[in-house]
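First the structure, in the form of structure tokens, and then the observations on it.
The values are calculated or read from the model by the stated rules, or taken from the named source; none is laboratory data. What you are looking at is a predicted structure, and each value in this text was computed from that prediction instead of being measured. Note that each Cβ is placed from the backbone with ideal geometry, even for glycine, and that neighbours are counted across all protein chains shown. SASA here: full protein model, heavy atoms, side chains in, ligands and nucleic acids out. Shrake-Rupley method; radii C 1.70, N 1.55, O 1.52, S 1.80 Å.
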Amino acid sequence: MEYIKRDIEQVITRVSQHYAAVIITGPRQAGKTTTLRHIAEGRIYVTLDNLDARRMAQNDPALFISMYPPPVLIDEVQYAPQLFSYIKIAADNGAAAGSYWLTGSQAFRLMELAQESLAGRVAILHMTSLSQHEMYGVGGNVPFLISLEAVKERVNNGTKTDVRGIYQRIWKGSMPGHVSGRYPDRDIFYASYLQSYIQRDIGEMVKRIDSLQFADFVRAAACRIGSVLNIHDIARDVGISDDTAKRWLLLMEQSGVVFFLRPYFNNLLKRVIKAPKMYFFDTGLVAYLTRYSSPEILINGALNGAILENYVVAEIAKSFTNNGKECLMYYYRDKDGKEIDLLLESDGAVYPIEIKKSTLPNEADVRGFDVLHGGNLSVGMGAVVCTSEVLSAINRDVLIVPAWMI
């Protein structure tokens, strides 16, 4: 089984030259430990999944720190928050840059612990499942930006494919364990992943949760990707209260399975939609949950447009995250029904993006962009990301970008 090189490796190496501690968060089985051990260069490794090591870290953190001196990689560190104050002491006493690499699958909890004990002493990076570039690309990866020059540079960094190839990628997903061939049976892999996720990640955050009902909840959420979030509808389908649905969605976000796209706000635009849109980082999990048994069925299914949108939004987000950059992404919809799938904000300008299954988008597909010109905004070049195989343009202001280039 060949190791899949991760784009975030260079970021980890870079920040380790400046911070005594580096925290890598991300969902279960995203490849955090595999990546860090691959680039560890003789670093001591200890996992708090090991109950003896966990017990020592919780009951005698000073002994644990002495037993595993830096440079060290501590896996699943959220199980022993007692360690953070000792790592702070080590950093304050002059611990070398890169002394402590810490991982965990509860991103929000780790960020809270870091802010409480290691503020100013730690770099926090987020790792998702594999990106399209990591699986199918070549060369270095850079954040997805919309300009003719930037997009042209991406032509040689991806592997061209047609609409069927894109849906094959969407259906297969991006979890390293399956993509690498270690667990080749997709259905068995995702069934096991879902069970492990609920029993371990969710079960550790919420005691006595109904695992079958939560599985139904995750499936109901997957059916609504790319839609404006309606918590009541999801709650009703699963038979839980709206408050419970809110809490469970927060758990899914905290454990790195889903993320939310917020509506764009500008006082001069007629923004009335306040709810976010929800997306999964891994479209393979969505396809499994919504019971699409093959890419060929998915490409013609009711979810084909929404899952393509999910794929594109997630891949753009990954292109930033894997470079250690913040991605300012939004969507727009007003009371007149005008909408824009995605807005990227950078350097005081907004860049509108539509996402279409079509291979031949046209002017009608980007009429919604006109609303931005009435809001006293600096509007950059737009794009339609679609299943076309070649880079093109609708006009001087809007590019046609193949999805395989992200």
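Heavy atoms of the protein chains alone define the surface here; on that basis the range 85-242 has 46 Å² accessible area per residue at 1.4 Å probe size.
Could you work out how much longer the chain between Leu212 and Arg262 gets when fully extended? Use 0.36 nm per residue separation minus the Cα distance between them, nm to one decimal. Net length gain for the segment: 15.0 nm. Each of the peptides 253-265, 228-240 was scored by the mean count of other Cβ atoms within 10 Å over its residues; in descending order, highest first, they stand as 253-265, 228-240. With a Förster radius of 30 Å applied to the beta-carbon distance between Leu250 and Asn362, the computed FRET efficiency rounds to 0.15. The string of couplings for the range 198-205 from the Karplus curve (6.51, -1.76, 1.60, θ = phi - 60°) is 6, 6, 9, 5, 6, x, 7, 8 Hz, one whole number per residue in order, with x for Gly and Pro. With one equal scatterer per alpha carbon and no solvent term, the Debye-computed log10 I(q)/I(0) for the range 10-114 at 0.21 1/Å reads -1.17. For the range 139-151, putting each phi into the Karplus relation 6.51 cos²θ - 1.76 cosθ + 1.60 with θ = phi - 60° gives couplings of x, x, 10, 10, x, 6, 10, 9, 7, 4, 5, 5, 6 Hz, in residue order, rounded to whole numbers and with x for Gly and Pro. Counting only aspartates and glutamates at least 8 places from Lys88 when in the same chain, those with an alpha carbon closer than 20 Å to its own are Asp60, Asp75, Glu76, Glu112, Glu116.
Toward the positive end of the charge dipole of the range 303-398, with +1 on the Cβ of Lys and Arg and -1 on the Cβ of Asp and Glu, the farthest Cα among Val384, Gly324, Phe369 is that of Gly324.
Straight Cα distances below 18 angstrom link Lys160 to the aspartates and glutamates Glu134, Glu315, Glu389, with same-chain residues fewer than 8 positions distant left out. Rounded to the nearest 10 degrees, the inclination of helix 304-321 to the longest alpha-carbon principal axis of the chain is 50 degrees. A straight chain from Lys172 to Lys335 at 0.36 nm per residue would run longer than the Cα-Cα distance by 55.0 nm. Under the convention that each Lys and Arg Cβ holds +1 and each Asp and Glu Cβ holds -1, the size of the dipole of the chain around its Cα centre is about 200 debye. Sorted on the mean count of surrounding Cβ atoms within 10 Å across their residues, most packed first, peptides 138-144, 104-110, 362-368 read 104-110, 138-144, 362-368. The order of the peptides 117-128, 202-213 by mean Cβ neighbours within 10 Å, most packed first, is 117-128, 202-213.
Across Glu112, Glu309, Glu41, the residue with the most accessible area heads the list, and the full order at a 1.4 Å probe is Glu41, Glu112, Glu309.
What part of the accessible area of the chain, given as a whole %, is carbon or sulfur when the probe is 1.4 angstrom? Reported share for carbon and sulfur atoms: 49 percent.
With 0.36 nm allotted per residue and the present C-alpha distance subtracted, the Ala97-Ser346 stretch has 86.5 nm of extension available. With coordinates expressed along the principal axes, the C-alpha atoms belonging to the chain extend over 66, 48, 47 Å, beginning with the largest.
For the range 157-169, backbone phi angles converted through the Karplus equation (6.51, -1.76, 1.60; θ = phi - 60°) give residue-by-residue couplings of 9, x, 10, 4, 8, 9, 4, 5, x, 4, 6, 5, 5 Hz, Gly and Pro being listed as x. Amide H contacts of Tyr45: Leu73, each under 5 Å away and 5 or more positions distant or on a separate chain (H built 1.01 Å from N in the peptide plane; Pro and chain starts excluded).
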